[in-house]
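Visitor: Dumping the structure here so I can ask a few things about it.
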Amino acid sequence: LPVEAGQAGLVDVREPDEGAAGHVAGARLLPLSALEKGVDPARLAQTLPKDKIIYCHCLAGGRCLEAAAILAPLGYDVRPLTPGYPQLIQAGFTSAKGD
């Protein structure tokens, strides 16, 4: 998989309390609420690489579409995932808690 090979990034756009209860191992938490408030592009570039595909996910697929609409104009190649967190875990992604 591109994410596991370091060729892409995985971003969880759920809220911190949701991520603390369980998240895909290796995913960066970037809540949609924070993106909606506005983020400094320079600070965001320190977190998200512009030279890699960024896959984003949420619980059911809606928030990642909104996040992609915010990130794409900033120069990110964002690909929202239709499966949500539970489906990703069922598909074999590793779940982590509190890290």
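Visitor: Given +1 on the Cβ of Lys and Arg, -1 on the Cβ of Asp and Glu, and no further charges, what dipole in debye does region 1-69 carry about its Cα centre, rounded to the nearest 20? Could the numbers behind the result be given before it?
Guide: Numbers: 7 positive and 9 negative charges, 37 e Å.
In debye, rounded to 20, region 1-69 gives about 180.
Visitor: Once both axes come from the Cα atoms, what is the angle between helix 62-71 and the longest principal axis of the chain, in degrees from 0 to 90, rounded to 10?
Guide: Result, in degrees: 30.
Visitor: Using modelled backbone amide H atoms (1.01 Å from N, in-plane), which distant-in-sequence or interchain residues come within less than 5 Å of residue 79's amide H?
Guide: 54, 55, 56
Visitor: In addition: Leaving out ligands and nucleic acids, and using a 1.4 Å probe, what accessible area per residue does the chain come to in Å²?
Guide: Result: 56 Å² per residue.
Visitor: Each label point is 7 Å from the Cα along the Cα-to-Cβ direction; what then is the distance between the points at residue 28 and residue 82, in nm?
Guide: In this crude label model, residue 28 to residue 82 measures out at 2.7 nm.
Visitor: Follow-up question, since we're still on this one. Taking only DSSP H segments of four or more residues, each worth -39500 (n - 2.57), what value at 222 nm results for the chain once the sum is divided by all its residues, to the nearest 500 deg cm²/dmol? Don't jump to the answer; show the numbers that get you there.
Guide: Numbers: 5 runs with 35 residues, N = 99.
Using -39500 (n - 2.57) per qualifying helix, the result is -9000 deg cm²/dmol.
Visitor: What order do you get for 35-41, 80-86 when each peptide is scored by the mean count of other beta carbon atoms within 10 Å, highest first? Before the final figure, lay out the partial values.
Guide: Working: 35-41: 12.0, 80-86: 16.7.
Order by mean packing, descending: 80-86, 35-41.
Visitor: Tell me the carbon and sulfur percent of the accessible area for the chain, rounded to whole percent, probe radius 1.4 Å. Please list the in-between numbers first.
Guide: Values: 3010 of 5530 Å².
In the chain, the share of accessible area belonging to carbon and sulfur is 55 percent.
Visitor: Would you mind telling me which residue in 14, 28, 43 has the biggest mean-square fluctuation in a Gaussian network model of the chain, where springs connect alpha carbons within a distance under 10 angstrom?
Guide: Highest fluctuation among the options: 43.
Visitor: Around residue 48, under 15 Å between beta carbons, what's the net of Lys plus Arg minus Asp minus Glu among the other residues? Don't skip to the end; give the middle numbers.
Guide: On the way: positive: 28, 43, 50, 52, 79; negative: 12, 40, 51, 77.
Net of charged neighbours comes to +1.
Visitor: Label points 7 Å out from Cα along the Cβ direction at residue 97 and residue 17: separation in nm?
Guide: In this crude label model, residue 97 to residue 17 measures out at 1.7 nm.
Visitor: Let me ask you something else. Which entry in (1) 12.4, 35; (2) 13.3, 42; (3) 16.7, 58 matches Rg and Dmax of the Cα atoms in Å derived from the coordinates of this structure?
Guide: (1)
Visitor: From the backbone phi of region 35-41, what are the Karplus-calculated ³J(HN,Hα) couplings (6.51 cos²θ - 1.76 cosθ + 1.60, θ = phi - 60°) in whole Hz, Gly and Pro given as x?
Guide: Result, ordered by residue: 5, 5, 6, x, 10, 6, x Hz.
The values are calculated or read from the model by the stated rules, or taken from the named source; none is laboratory data. Here the structure is a predicted model, which means the values were calculated and not measured. When we count neighbours, we look across all protein chains shown, and the Cβ atoms used for this are built from the backbone with ideal geometry, even at glycine. Accessible surface is based on the protein model in full, side chains and every heavy atom, while ligands, DNA and RNA are left aside. Shrake-Rupley method; radii C 1.70, N 1.55, O 1.52, S 1.80 Å.
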